[in-house]
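A quick write-up on the structure given underneath.
The values are calculated or read from the model by the stated rules, or taken from the named source; none is laboratory data. Note that this is a predicted model, so its numbers are computed, not measured. A quick note on method: Cβ atoms are made from the backbone with ideal geometry, for glycine too, and the neighbour counts reach across all protein chains shown.
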């Protein structure tokens, strides 16, 4: 079974993103993409504004800040919390993307080889195979490259990934 939501990606290296923020703007870019999808009728904050509001730093965005500050941005009508892989997949099944974070540093897996060392991405789908789960993400782009949809092996990255669920109450 394959599920992929029609989520429009965004590059953290877009010209609209402050050049000083670009290398560490994956968290705010991911938040922006999810907000655009979850509240398309509402004018959203820019990635630059989200960088400040989420408490992002040059070394990135801590998970607790993403959760705490997304709660403030979304207000009491949404639940924002860390969740398991199964919870994240249930969100996809319910038609809502989730947030996924790769982090080999703060997970203390310094020498683990995953697809990213430290990176936030929108989780927009999945496909279960016989021996793995392929996670479908937008990779938030690169210099001179728009965000691309990629398939990531959960088994290859399981030690360094975590998930955040954003759902209406």
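Some values worked out for this structure:
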read-out: Residue list for region 64-76, restricted to those being assigned to a helix (DSSP H, G or I) and farther than 9 Å from residue 27 by Cβ; value: 64, 67, 68, 69, 70, 71, 72, 73, 74
read-out: Scope region 91-119; condition under 16 Å from the mean Cα position of the chain (by Cα) and modelled with pLDDT of 95 or more; matching residues; value: 91, 92, 95, 96, 97, 98, 99, 100, 101
read-out: Scope region 126-150; condition in a strand (DSSP E or B) and closer than 23 Å to residue 61 by Cα; matching residues; value: 135, 136, 137, 138, 142, 145, 149, 150
read-out: Lone unmet requirement of (1) closer than 20 Å to residue 38 by Cα; (2) touching a helix residue (DSSP H, G or I) at 6+ places or on another chain (Cβ under 9 Å); (3) without any contact (Cβ under 8 Å) to a residue 60 or more places away in the chain for residue 68; value: (2)
read-out: Scan of region 19-52 for residues that are farther than 18 Å from residue 119 by Cα and in a loop (DSSP other than H, G, I, E, B), ordered by number; value: 39, 40, 41, 42, 43, 44, 45, 46
read-out: Some residue of region 39-53 being within 30 Å of residue 128 (Cα to Cα) and at pLDDT below 95; value: yes
read-out: Residues located in region 12-26, provided they are surrounded by 11 or more Cβ atoms within 10 Å (Cβ to Cβ) and over 12 Å from residue 49 (Cβ atoms); value: 12, 13, 14, 20, 22, 23, 24, 26
read-out: Residue 95 assigned to a loop (DSSP other than H, G, I, E, B) and touching a strand residue (DSSP E or B) at 6+ places or on another chain (Cβ under 8 Å); value: no
read-out: Residue within region 43-56 that is surrounded by 12 or more Cβ atoms within 10 Å (Cβ to Cβ), over 14 Å from residue 141 (Cβ atoms) and in contact with a strand residue (DSSP E or B) (Cβ under 8 Å, 6 or more places away or on another chain) present; value: no
